[in-house]
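Structure, as C-alpha cells:
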C-alpha cells in the first residue's frame, strides 16, 4: 500500500509540475508578446481581435518540465525520447512561426523528430517494441526495420494533423486534451494488465495531458492566446512518440481519426502540401451575422470544418463544440479498443 501511495505521488508530480508551469508562465508571456507586437488576428471575430501568439514556447517549457520530472523519478529513457521528439518539432514550428517555412520543407524537417527515439533505442532496448498489438488478435510479428521506418514517417503525419486542427478558438487545446487522455487511458490499462510494464510510461504521458489542460484555460472561446505552429507541431510529435513508446498505436490512431480525415480531405482537395497562408480560397468565411459559412468556391479546400458547415452556418463556439463532440466520439471508441486490447 505504501509503495502504491509513493508511486501515485511520483506520478502526480509529472502532471502537477507542467500544469503549474503553463498556468503561472502564460500570463506574463502573453503580456510580453503583446508589448513586442507578436499578435495574430482572430479573423473569425467581427471586428477581428488581436491575440498574443505564439505561446508555444510556454507550452513546450511545461512539457519539458514534466518530462524531466518523469525522468528524475523513474530513470527511464522514455521521457528523454519523448522530449527529444518534441524538441525537434518545436524548433521546426518556432522557425515557421518566425520566418515561415515552405509547405514541403516542414514535413521533411519533421522526419527528424523520430531520430531521438531511434538513437535512444540503442541504449534502452525496450524503449519501444517493433510490433503492433491489435484488439482481440494480440501482437503482430516483430520487424524492427519496417516498424522503425513507419514510426519515423508517422511524426510529420501526426504533427501536421494536429497543426491542421488549429484554426478556431479552443479547437487544438480541446483536441489535444481529449486525445492525450485517450492515450493515457490506454497506457494505464496496459500497465495494469501487463506484467513488468514500467510506470515510467504512465508518467511520461501525463505532461501532455497537463499542458493541454493548462492551455485550454487561455485558448478556449474567446481565445486569449494562440499556440502557433511551435505549439501544435510539438504536441503532435509528443502524441506520436507517446503512442509508440506506450505500445498503444491502434488506440492512438482511432482517437485522432477526425484529424486524419481532416488532413486527408485537405491534402486531396488541394493536391498536395500547400502552406495555409498561401491558399487562394479559404474553406470558410465569416458572414455579416457573425456566423461561419462553408465556402461554395470549387477551389476551396475540403476541410473537416467545411464539411460540418455544409449542413448550415454556425457560430464559432457551436462549430468548435461539434468538432469536440466528433473528437470525443473517436476517443470513446479508442477507449473501447483499449479495453478489448489489454483487459484479459
ask   = In the stretch 196-218, is there at least one residue being free of Cβ contacts under 8 Å to residues at least 12 places away in the same chain and outside any helix (DSSP H, G or I)?
value = yes
remark   = Given the conditions (1) at positive phi; (2) under 12 Å from the mean Cα position of the chain (by Cα), every one holds for residue 177 apart from (1)
ask   = Restricting attention to the stretch 42-53, and to residues there that are assigned to a strand (DSSP E or B) and under 23 Å from the mean Cα position of the chain (by Cα), which single residue is farthest from residue 206 (Cα to Cα)?
value = 42
ask   = So which of 85, 53, 103, 89 ends up being in contact with a strand residue (DSSP E or B) (Cβ under 6 Å, 6 or more places away or on another chain) and closer than 24 Å to residue 263 by Cα?
value = 53
request  = Tell me which of these residue 293 doesn't satisfy, since it passes every other one: (1) surrounded by fewer than 21 Cβ atoms within 10 Å (Cβ to Cβ); (2) within 19 Å of residue 175 (Cβ to Cβ); (3) modelled with pLDDT under 95.
outcome  = (2)
ask   = Quick check: anything in the stretch 121-130 buried (at least 18 other Cβ atoms within 10 Å of the Cβ), more than 21 Å from the chain's Cα centre (by Cα) and without any contact (Cβ under 8 Å) to a residue 60 or more places away in the chain?
value = yes
request  = Residue by residue through the stretch 303-344, note down the ones that are buried (at least 19 other Cβ atoms within 10 Å of the Cβ), outside any helix (DSSP H, G or I) and without any contact (Cβ under 8 Å) to a residue 60 or more places away in the chain.
outcome  = 314
query = Tally time: how many residues in the stretch 219-249 are over 12 Å from the mean Cα position of the chain (by Cα), farther than 19 Å from residue 114 by Cβ and assigned to a helix (DSSP H, G or I)?
reply = 2
query = From 108, 64, 77, which residue is closer than 19 Å to residue 158 by Cα, without any contact (Cβ under 8 Å) to a residue 60 or more places away in the chain and either crowded, with 20+ Cβ neighbours inside 10 Å or out of contact with any strand residue (DSSP E or B) (no Cβ under 8 Å at 6 or more places or on another chain) (or both)?
reply = 108
request  = Would you mention how many residues in the stretch 80-105 are over 17 Å from residue 166 (Cα atoms), touching a helix residue (DSSP H, G or I) at 6+ places or on another chain (Cβ under 7 Å) and either surrounded by 24 or more Cβ atoms within 10 Å (Cβ to Cβ) or at pLDDT 95 or above (or both)?
outcome  = 8
task = Could you check how many residues of the stretch 149-164 are under 20 Å from residue 250 (Cα atoms) and either buried (at least 22 other Cβ atoms within 10 Å of the Cβ) or in contact with a helix residue (DSSP H, G or I) (Cβ under 6 Å, 6 or more places away or on another chain) (or both)?
result = 10
key: Pairs with Cβ under 7 Å, 6+ apart, first in the stretch 280-292 and farther than 18 Å from residue 166 by Cα, second not in a loop (DSSP other than H, G, I, E, B)   = 287/293; 291/314
note = Of the residues in the stretch 264-290 that are assigned to a loop (DSSP other than H, G, I, E, B), out of contact with any helix residue (DSSP H, G or I) (no Cβ under 9 Å at 6 or more places or on another chain) and farther than 24 Å from residue 47 by Cα, the one that is modelled with the highest pLDDT is 271
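The values are calculated or read from the model by the stated rules, or taken from the named source; none is laboratory data. Remember, it's a predicted structure, so these values are computed and weren't measured experimentally. Reconstructed Cβ throughout: ideal geometry from the backbone, glycine too, with neighbour counts over all protein chains shown.
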